[in-house]
Amino acid sequence: MKTHCLRGHLRSPENVESNGTCKECAKERYSRMRAKTAQKPPQTHCKRGLHPKDYPGRCKECEKERSKKYAKAHPEVILENSRRWKEKNPEKNKLSIRKQNLKQIGWTPEKVNAAIEEQGNLCGICRKPMKLPCADHKHGDTPKTREMLCTTCNFMIGHAQEDPEILRAGAAYLEKWS
């Protein structure tokens, strides 16, 4: 009977598995396998080394970059696809444009509907029913939402350049001549 295994470990009843393999060799083999897998970098799909979350096979950043490059290289295809989509989906296009415009001034369609309901469909200034409500906002770097106004009052605020002094002077002028 052999006294040592191929790697030189002593073969004793405590050091030999039931199948005849050396327990020390098995431990070393297991350690090598663990070390090998621990050293392996995780499999990635993109040059940034990011794992997919929403997209199988590519990350959001890589997809954005790929789309931008394609759009830059093929602007005529993008414009044609966009035109075709707008023709097929006029209502969705109108809603999309409305959402974009409202977002730029700090509103959302949900906020508009809530404000109209809260105000009872009455203008925030003249308190008359609004036929075509306007989402009023403070102009500046970060627009601040105010209230819903009727078209007339919204124009009045806009033409007065949102200056209370101009509006007070206008009110004084009207009182002087009434």
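When we screen LYS69, LYS23, LYS36, LYS86 for residues that are modelled with pLDDT of 90 or more and over 21 Å from the mean Cα position of the chain (by Cα), the only hit is LYS86.
State whether the residues of the stretch 133-149 include one that is over 33 Å from the mean Cα position of the chain (by Cα) and at pLDDT below 95. No: the stretch 133-149 contains no residue that is over 33 Å from the mean Cα position of the chain (by Cα) and at pLDDT below 95. The residues on offer are ARG11, ARG48, and the sole one that is at pLDDT below 60 and of a type outside the set (Gly, Ala, Ser) is ARG48.
Which one is farthest from ASP136 (Cα to Cα), of the residues in the stretch 151-165 that are loosely packed, with under 13 Cβ neighbours inside 10 Å and either over 41 Å from the mean Cα position of the chain (by Cα) or acidic (Asp, Glu) (or both)? Out of the qualifying residues, it is GLU165. Residues that are assigned to a helix (DSSP H, G or I) and of a type in the set (S, T, N, Q) are absent from the stretch 119-138 altogether.
The values are calculated or read from the model by the stated rules, or taken from the named source; none is laboratory data. Since we're looking at a predicted model, the values are computed, not measured. No Cβ is skipped: glycine too gets one built from the backbone with ideal geometry, and neighbour counts run over all protein chains shown.
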